[in-house]
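Remarks on the structure that follows.
The values are calculated or read from the model by the stated rules, or taken from the named source; none is laboratory data. What you see is a predicted model, and the numbers here were worked out from it, not measured in a lab. Note: ideal-geometry Cβ built from the backbone for every residue, glycine included; neighbour counts use all protein chains shown.
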Amino acid sequence: MNTKILTKSLWLFHCSVGSCNNCDIELLDCLTPRYDVERFGMLLVGSIRHADVIAVTGAMNIKSAERMKKIYEQAPKPCLVVACGTCACSQGIFKGSYSMPTPLDEILPVNLYIPGCPPRPEAIIAGIVNLINRLNRPPKKKRLEAKI
Amino acid sequence: MNEDFKKIILSKLNEFIKTYDSPSLNRGYIEIDLKDLINVVDLLYNSLSARFITATGFDNSKEFEIFYHFSFDSSNYVLTLKVVIPYENPVIQSLSTLFDAALWIEREIHEFFGINFIGHPDLAHLLLPEEWEEGNYPYRREERNA
Amino acid sequence: MPEKIIPIGPFHPLQEEPEFFKLVVDGERVKDIEIDIGYNHRGIEKLAEGKTYDQIAFLVERICGICSTSHPLAFVQAVEDAGKIEVPPRALYIRSIIAELERIHSHLLWLGLAGHFLGYNTLFMWSWKYREIVLDIFEEITGNRNNYAMMKVGGVRRDITDEGRDFILDSLKKLLPALDMFKGAALDDPVLHARLKGVGILTKEDIMNYNALGPTARASGVSIDVRKDEPYAAYDKVSWNIITTKNGDVFDKAVVRILEMYESVNIITQCLESLPEGEIDSKPTEVKPGYGIGHVEAPRGECFHFIISDGTNSPIRHKIRAPSYMNVPTNKKAVIGETVADATIILAAVDPCYCCTERMVVIDAKNNKQIGDANYLLTLSREKTKKLEKELKR
């Protein structure tokens, strides 16, 4: 899939699938005067059909998992998925709850994990920058072996 | 003022009280009979202008208990009514006939414990999905579910 | 004209959290509303039964990010009530300070979002900019911007140092001019007056019927506030007023919230000036069997926790009732009969917090025609503001 076209100005669609709100607020905070990611062309959009990136926050529950799948199907491809916050990465403190049987990455292909409870706006921005850098980089197949 | 107020409430509710306990100055716990619930709540809400806080369902492994919490804001007193519901026949009168604030919490207790509320307009799922397995009540004790 | 249905949600730009409203409209008027929740349900009450008292304080903190001090505070008060645990005076003062800082940050957040829904994005950016001052205070004294982890059974986890105290006082001095600006920007603006007055009215009877709480109730003239009714922490040791207004419309809800921020600044300053010396933790070792009730005034209203203890280190039942649980159903009363363009701001006026409520939809499109979505509503709302602006300029 050609993801190179996504490296300029990413438009974000934000999905809260059972979070405590903190990650959502910190994501919104990125848009406000102190952090202001709109400078770089990043925009929070209201419709999934305009989005390049889905930012998912929260540990997914049964009811929202169904919706999440539908939302992903509606997204124009290529579409990147960012798991924002510890809950989205690993279900965090809510692991083992009767209403949360599946973690996010078993349902969607996650491209980036941003841990933190909640991640600071700086961490979110750094994560997205990492993602863009990774898309720009030519694929290195032998990187793992080289490290060992 | 608080002590006087407590006496007024207790004298009004006297005929319904099975047990009464007041562990601290501004908390009271009263156990009443299942059939008296509507009368007592009507008295509290309409005559004594209590504010309904919420209800708590509880499964003590022998029977169900529902705690109805009421607050008397100006007198700084929180009164809790406890009713015991037999496990074999989990049915209780709905408070939604008295005030709309009971609508959601009764739906919630219905889906978590499987307790039926007589007179509730719509006991659909509130928090759990529509497809939730029938007869699986997450807040019942595990041995019950098995 | 046949009735049509506008679905809002569950994932939409209106609110950060998932919830689903179905507006049944006849032309411009809202005929009925269906509220469907459950998208945020995490089963926290059940999880709490398997955790110890110390762990639950962290768990309930994650019920809601905005009330991340109200829930732990209500919970520790419930445990203290069940276990008859004393709390040192210094800890009580610190609890009040943190709780009031949280109220300022929550009300600023709401003000910003309300501005956003109305197409008044300047207000959104301003209030979120000045919210950072409060978050900086939190970072300085607790170590984190959100999720402060300050409350524990028997006291608080961290002390406020002298430097911390000076920092808070300095920051509040910076915040006050900003609050004056918001007061002017929001309350003297003729467009906002025209847009918000007389919209989404809740009467005293509605408040009693739904047992609504917090600013929603106080805007309708019902003067309930746990801080006054059952003074916890240090609220009985400082002087402050309950803010109430009479009309119960969206404008009054905004007024109550803005004026409450001044009271909060006032409470924090008084608490810091009279902060007693001493321990911050009574280090309790056991919780006796019995019932415990703790309730606090969260930014949105009374937050209620009930625990049943059996004498072990974890409760056998933990009931949580968040303020939005009582406030959200009032939408049914407030929205019906209003125009579609006003629906967004009315739905937002109770400052709903679904994370709290669940501790929420999808349109059943079989026989209903879909005529728009949340974006469409938001656009409608903003267009109405612009129209009013033009009319007023003439």
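Quick one: count up the residues across the range C:276-318 that are of a type in the set (D, E, K, R) and assigned to a strand (DSSP E or B). Working first, answer last.
As a first pass, look at the range C:276-318 and keep what is of a type in the set (D, E, K, R): C:277, C:279, C:281, C:283, C:286, C:288, C:297, C:300, C:302, C:310, C:317.
Now narrow it down to the ones that are assigned to a strand (DSSP E or B): C:281, C:297, C:302, C:317.
Going through the range C:276-318 one residue at a time, the tally reaches 4.
Among the residues that make up the range C:242-261, is at least one of them among the hydroxyl-bearing types (Ser, Thr, Tyr), within 11 Å of chain B (Cβ to nearest Cβ) and more than 16 Å from residue C:60 (Cβ to Cβ)? Walk me through it before giving the result.
Taking the range C:242-261 first, the residues among the hydroxyl-bearing types (Ser, Thr, Tyr) are C:244-245.
Now narrow it down to the ones that are within 11 Å of chain B (Cβ to nearest Cβ): none.
No, every residue in the range C:242-261 fails to be among the hydroxyl-bearing types (Ser, Thr, Tyr), within 11 Å of chain B (Cβ to nearest Cβ) and more than 16 Å from residue C:60 (Cβ to Cβ).
Can you go through C:169, C:176, C:192 and tell me which one is in a helix (DSSP H, G or I), over 18 Å from the mean Cα position of the chain (by Cα), crowded, with 21+ Cβ neighbours inside 10 Å and not polar (S, T, N, Q)?
Working: C:169 fails: crowded, with 21+ Cβ neighbours inside 10 Å; C:176 fails: crowded, with 21+ Cβ neighbours inside 10 Å.
Selected residue: C:192, the only one of C:169, C:176, C:192 that is in a helix (DSSP H, G or I), over 18 Å from the mean Cα position of the chain (by Cα), crowded, with 21+ Cβ neighbours inside 10 Å and not polar (S, T, N, Q).
For residue C:159, which of the numbered conditions (1) surrounded by fewer than 21 Cβ atoms within 10 Å (Cβ to Cβ); (2) assigned to a helix (DSSP H, G or I) fails to hold?
(2) is the only condition that residue C:159 fails.
Restricting attention to the range C:187-218, report how many residues are out of contact with any Leu (no Cβ under 6 Å at 6 or more places or on another chain), over 25 Å from residue B:96 (Cα atoms) and among the aliphatic types (A, V, I, L, M).
Result for the range C:187-218: 4.
With the structure loaded, tell me whether residue A:41 is surrounded by fewer than 20 Cβ atoms within 10 Å (Cβ to Cβ) and more than 28 Å from residue C:123 (Cα to Cα) or whether it fails that test. Break it down into steps so the answer makes sense when it comes.
On the way: surrounded by fewer than 20 Cβ atoms within 10 Å (Cβ to Cβ): yes; more than 28 Å from residue C:123 (Cα to Cα): no.
Spelling it out, it is not the case that residue A:41 is surrounded by fewer than 20 Cβ atoms within 10 Å (Cβ to Cβ) and more than 28 Å from residue C:123 (Cα to Cα).
It is to be established whether one or more residues within the range C:322-335 are in contact with a His (Cβ under 8 Å, 6 or more places away or on another chain), at pLDDT 80 or above and within 14 Å of chain B (Cβ to nearest Cβ).
Of the range C:322-335, the ones in contact with a His (Cβ under 8 Å, 6 or more places away or on another chain) are C:322.
After this cut, where a residue has to be at pLDDT 80 or above as well, the list is C:322.
After this cut, where a residue has to be within 14 Å of chain B (Cβ to nearest Cβ) as well, the list is C:322.
Yes.
So, residue A:90, is that one touching a Pro at 6+ places or on another chain (Cβ under 8 Å), at pLDDT below 90 and crowded, with 20+ Cβ neighbours inside 10 Å or not? Steps first, answer last, please.
Working: touching a Pro at 6+ places or on another chain (Cβ under 8 Å): yes; at pLDDT below 90: yes; crowded, with 20+ Cβ neighbours inside 10 Å: no.
For residue A:90, the condition - touching a Pro at 6+ places or on another chain (Cβ under 8 Å), at pLDDT below 90 and crowded, with 20+ Cβ neighbours inside 10 Å - is not met.
Within the range B:76-101, can you find the residues that are touching a helix residue (DSSP H, G or I) at 6+ places or on another chain (Cβ under 8 Å), crowded, with 18+ Cβ neighbours inside 10 Å and under 17 Å from residue C:305 (Cα atoms)?
Hits for the range B:76-101 are B:77, B:79, B:81.
Residues are listed down the side, and each one gets a yes or a no for (1) among the acidic types (Asp, Glu); (2) within 12 Å of chain A (Cβ to nearest Cβ):
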{"residue": "C:49", "(1), (2)": "yes, yes"}
{"residue": "C:53", "(1), (2)": "no, no"}
{"residue": "C:61", "(1), (2)": "yes, yes"}
{"residue": "C:65", "(1), (2)": "no, yes"}
{"residue": "C:73", "(1), (2)": "no, no"}
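Any chance the range C:250-261 includes a residue that's outside any helix (DSSP H, G or I) and either modelled with pLDDT of 90 or more or not aliphatic (A, V, I, L, M) (or both)? Reasoning before the result, please.
Quick first cut of the range C:250-261, residues outside any helix (DSSP H, G or I) only: none.
The answer is no; no qualifying residue exists.
Scan the range B:53-66 and tell me whether some residue there is of a type in the set (D, E, K, R), crowded, with 19+ Cβ neighbours inside 10 Å and closer than 29 Å to residue B:141 by Cα. Walk me through how you get there before you give the answer.
Of all residues in the range B:53-66, those of a type in the set (D, E, K, R) come to B:59, B:62-63, B:65.
Subsequent filtering for residues that are crowded, with 19+ Cβ neighbours inside 10 Å retains B:59.
This time we only want the ones that are closer than 29 Å to residue B:141 by Cα, so: B:59.
Yes; the residues of the range B:53-66 include at least one that is of a type in the set (D, E, K, R), crowded, with 19+ Cβ neighbours inside 10 Å and closer than 29 Å to residue B:141 by Cα.
Taking the condition of being of a type in the set (Lys, Arg) and within 14 Å of residue C:245 (Cβ to Cβ), how many residues in the range C:184-199 meet it?
First, the residues of the range C:184-199 that are of a type in the set (Lys, Arg): C:195, C:197.
Restricting the remaining residues to those that are within 14 Å of residue C:245 (Cβ to Cβ) gives C:197.
Result for the range C:184-199: 1.
The conditions are (1) closer than 27 Å to residue A:67 by Cβ; (2) at pLDDT 85 or above; (3) touching a helix residue (DSSP H, G or I) at 6+ places or on another chain (Cβ under 7 Å), and residue A:19 fails exactly one of them. Which is it?
Among (1) closer than 27 Å to residue A:67 by Cβ; (2) at pLDDT 85 or above; (3) touching a helix residue (DSSP H, G or I) at 6+ places or on another chain (Cβ under 7 Å), residue A:19 violates only (2).
Out of all the residues in the range C:319-331, which are in contact with a helix residue (DSSP H, G or I) (Cβ under 7 Å, 6 or more places away or on another chain) and either among the basic types (Lys, Arg) or part of a loop (DSSP other than H, G, I, E, B) (or both)?
We begin by selecting, within the range C:319-331, every residue in contact with a helix residue (DSSP H, G or I) (Cβ under 7 Å, 6 or more places away or on another chain); these are C:319-320, C:322-331.
Hits for the range C:319-331 are C:319, C:322.
Is it true that residue A:52 is surrounded by fewer than 20 Cβ atoms within 10 Å (Cβ to Cβ), among the acidic types (Asp, Glu) and under 12 Å from the mean Cα position of the chain (by Cα)? First the steps, then the outcome.
Values: surrounded by fewer than 20 Cβ atoms within 10 Å (Cβ to Cβ): no; among the acidic types (Asp, Glu): yes; under 12 Å from the mean Cα position of the chain (by Cα): yes.
When the stated conditions are applied, residue A:52 does not pass them.
Mind checking which residues of the range A:62-82 are surrounded by 18 or more Cβ atoms within 10 Å (Cβ to Cβ) and either modelled with pLDDT under 85 or aliphatic (A, V, I, L, M) (or both)?
We begin by selecting, within the range A:62-82, every residue surrounded by 18 or more Cβ atoms within 10 Å (Cβ to Cβ); these are A:62-65, A:67-68, A:71-72, A:75, A:79-82.
The answer is A:62, A:63, A:64, A:65, A:67, A:68, A:71, A:75, A:80, A:81, A:82.
If you check residue C:207 against the conditions, is it under 25 Å from residue C:346 (Cα atoms) and surrounded by fewer than 19 Cβ atoms within 10 Å (Cβ to Cβ)?
On the way: under 25 Å from residue C:346 (Cα atoms): yes; surrounded by fewer than 19 Cβ atoms within 10 Å (Cβ to Cβ): no.
It is false that residue C:207 is under 25 Å from residue C:346 (Cα atoms) and surrounded by fewer than 19 Cβ atoms within 10 Å (Cβ to Cβ).
Do we find that residue C:247 is of a type outside the set (Ser, Thr, Tyr), more than 18 Å from residue C:86 (Cβ to Cβ) and assigned to a loop (DSSP other than H, G, I, E, B) in this structure? Please lay out each step first, then the result.
On the way: of a type outside the set (Ser, Thr, Tyr): yes; more than 18 Å from residue C:86 (Cβ to Cβ): yes; assigned to a loop (DSSP other than H, G, I, E, B): yes.
It is true that residue C:247 is of a type outside the set (Ser, Thr, Tyr), more than 18 Å from residue C:86 (Cβ to Cβ) and assigned to a loop (DSSP other than H, G, I, E, B).
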